[in-house]
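> What follows is a structure written as structure tokens; I'll ask about it next.
Coordinate-derived values only; no laboratory data. No experiment lies behind these values; they were computed from the predicted model shown. Note that each Cβ is placed from the backbone with ideal geometry, even for glycine, and that neighbours are counted across all protein chains shown.
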């Protein structure tokens, strides 16, 4: 073999090493921020009195760090490592690989800075503002070119199962990100999504559910199909089952998003469709779990001595648990109990910590010694990591499920007279605080196990031997290379990719297209007024502070909710909301009918010190709202963008937006002064927040 052949064909493992190491860095950040956020719910003073470390600012940072920094970097590293070996060729471009790596770290850094500062679109798992969204798109295009370029020049014609899942991941995530992130900016770091109300809710959870599906499931299944057989040195249990698993999963998953919106004002046919496909999803999901676990058949006696095997088995088991529980929670009667509660939090973390986390740990324990040409420093430490992590997950999951069921049952409790047993929402909050402490303990154990892993990995890297020579690597690349005859579609990359994309687009079009004309679902007898200029400013502050993470604005047609909050929410009420604010969690009560329920002074005192109104409250204090001035200079731009998006503002309202906002602020501040507020608050942000809260539920008229 000549030097040119060696240079062309040996694998690029340097990029894999980079992704492996940065995965550990960002994992530490994600876990630490998650622990702080968990402790803030158990002990509210940990919000610290600083705006950039409140729960509403840190929770999006935690989810983005966990999904895109920790899991994302692990995915890229695992895909680059396995793709080269499955296709028997070096990555398409070393330059693109480095652009991808550094570009993705720039995305994460931008998120880590912007989210605590309050720059958010207010959409779960898609909070990042428009310049960062564009950067994500560019980096993803680089990644796609590098992957498909490698696929084009492959030396192994047959595409193994893992490659199928990688193809589906790259194509579908691109579609999800672009559609959900379409927005119109009004400043450098602020924008309004083009979707509104019911449309935005549907698109968001089409994205949100499938971000879990195609960012936290399909790529990890691809990694599972490569690393489980590789680590066990055995073929996957059933190639035929893998074919059924892939196509069924890719086709069905995309339909399931509406199960996040059961009993909301989403049209009934969409809710039913989402529920049906979610229940169907159980079968292909368990097909993948069974295929992975049965690959261990005949080798179970070796599990005791191999900690990496333990991580793999636990990961697959948690995948099976999560993909059983997901369809269960998608059944309407179960959703009526579990939705908006901590049960959902437990469900999500069972999958994230157990399935994704343990799969990543197993992959890194296997990869790092090979990448540095050495042996793992300590199997004993890896074993201790496993048990600490497992106990941590169990404590976390069980505490949150118990908390969620407790919340749901207490919310629904009605006595023989048809009255709520627990009319004060705070009663359902304080009851579960001990479980929040248990959740935090579980998270702490998980982090301690992770720290052991970091120490183990660092010691392993430091014990590295001399790297393999280019000739040795090239020989490894070329060993056993043969022109396998591809089976049907598995040899035709373009056709395979097109069919996978079509499988995803079918459900997408059928669910989203009919809602593009939202007026077909609107009652013509109901007229909805848009928010005033000041109210819209207050709404933007509400989104900035992450209030939607603890409060919903969607009353479901259930007996207890009508008793507690009032009439069920309708499509008309949120038709001009960019973004929608239906919410997905109730740590505090629903706010859809909050307007005019309390006087302005109540809201003023509540925002500055919630304990002054409710001594048992765990809500942070927002005293900076009374210190920061309203930015009137942006209000005209905001209303102009909203007008272009279909909100019925007149040209006069847009032109006079700043003047009208100041006038309304003066009325509210004068009223507060009459009630005894001595501070100069006329142009402070708290006035805009009060205006918005008082407008909730007041805009729809027959």
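> Starting from the Cα gyration tensor of segment 528-701, multiply each eigenvalue by 5, take the square root, and state the resulting semi-axes largest first in whole Å. Mind showing how you got there, number by number?
Working: eigenvalues 116, 103, 36 Å².
Computed over segment 528-701, the values are 24, 23, 13 Å.
> Something else now. Arrange the following residues from fewest to most other Cβ atoms within 10 Å of their Cβ: 159, 189.
With the fewest neighbours first, 159, 189 line up as 189, 159.
> Given 5 Å bins starting at zero, what is the percent of C-alpha pairs of segment 38-94 in each, up to the one with the largest pair distance?
That works out to 4, 17, 16, 13, 10, 9, 7, 7, 7, 7, 3, 0, in percent per bin.
> If I stretch the segment between residue 463 and residue 655 completely, what's the gain in nm (0.36 nm per residue apart, minus their alpha carbon distance), one decimal?
62.3 nm
> Can you give me the relative contact order of segment 524-594 as a percent, contacts being Cα pairs under 8 Å and 6 or more apart?
Normalised by residue count, the contact order of segment 524-594 is 41 percent.
> Using the number of other C-beta atoms within 10 angstrom as an exposure proxy, rank 425, 68, 220 with the fewest first.
425, 68, 220
> Shifting gears a bit: Percent relative contact order of segment 11-156, based on C-alpha pairs within less than 8 angstrom and at least six residues apart?
Computed over segment 11-156, the figure is 30 percent.
> Given R₀ = 41 Å, FRET efficiency for residue 153-residue 375 by Cβ-Cβ distance, to 0.05?
Calculated value: 0.75.
> Can you list, largest first and rounded to whole Å, the semi-axes you get for segment 11-156 by taking the square root of 5 times each eigenvalue of its Cα gyration tensor?
Here the semi-axes work out to 34, 16, 10 Å.
> What order do you get for 494, 272, 54 when you list them from fewest to most C-beta neighbours inside 10 Å? Write out the running numbers ahead of the final one.
Values: 494 10, 272 14, 54 25.
So the ranking, lowest neighbour count to highest, is 494, 272, 54.
> Which angle from 0 to 90°, rounded to the nearest 10, does the C-alpha axis of helix 657-674 make with the longest principal axis of the chain?
That helix lies at roughly 60 degrees to the long axis.
> Within segment 153-170, list the residues whose amide N lies under 15 Å from a label point set 7 Å along Cα→Cβ of residue 243.
Output list for this probe position: 158-162, 164.
> Ok, one more. I'd like the distance separating the alpha-carbon centroids of segment 592-660 and segment 566-589, in whole Å.
Result: 16 Å between the Cα centres.
> In addition: If I stretch the segment between residue 50 and residue 187 completely, what's the gain in nm (0.36 nm per residue apart, minus their alpha carbon distance), one decimal?
This chain segment gains 46.8 nm when fully extended.
> Give me the percent relative contact order of the chain, please, defined on Cα pairs under 8 angstrom at least 6 residues apart.
Relative contact order here is 17 percent.
> Report the paramagnetic label zone for residue 25: residues of segment 91-116 whose backbone N is under 11 Å from a point 7 Å from Cα along the Cα-to-Cβ axis.
It comes to 102, 105-106, 109, nothing else.
> Sticking with this structure for a sec: For residue 516 paired with residue 98, estimate the spin-label separation in nm (one decimal), with each label point 7 Å from Cα along the Cα-to-Cβ line.
Inter-label distance under the simple model: 4.3 nm.
> Can you give me the Rg/Rh ratio for the chain, using Cα atoms for both radii and the Kirkwood formula for Rh?
0.99
> Using the alpha-carbon atoms, what tilt in degrees (0 to 90, nearest 10) does helix 379-412 show relative to the longest principal axis of the chain?
Tilt of helix 379-412: around 30 degrees.
> To continue, here is another question. Just to confirm the number: angle between the C-alpha axis of helix 635-644 and the first principal axis of the chain, 0 to 90 degrees, nearest 10?
Roughly 70 degrees, rounded to the nearest 10.
> Could I ask something else about it? Roughly speaking, what is the stretch gain from residue 134 to residue 563, that is 0.36 nm per residue apart minus the C-alpha to C-alpha distance, in nm to one decimal?
Values: separation 429, 0.36 × 429 = 154.44 nm, distance 4.48 nm.
Roughly 150.0 nm would be gained on extension.
> Say each of residue 141 and residue 498 gets a label point 7 Å from the Cα, pointing the same way as Cα to Cβ; how far apart are those two points in nm?
2.3
> To the nearest 500 deg cm²/dmol, what mean residue ellipticity at 222 nm is calculated for the chain from DSSP H runs of n ≥ 4 alone, each contributing -39,500 (n - 2.57), summed and divided by the residues?
-20000 deg cm²/dmol
> Here is a follow-up. Would you please report the Å³ per residue occupied by the convex hull of the alpha carbon atoms in segment 249-316?
Hull volume normalised by residue count: 95 Å³.
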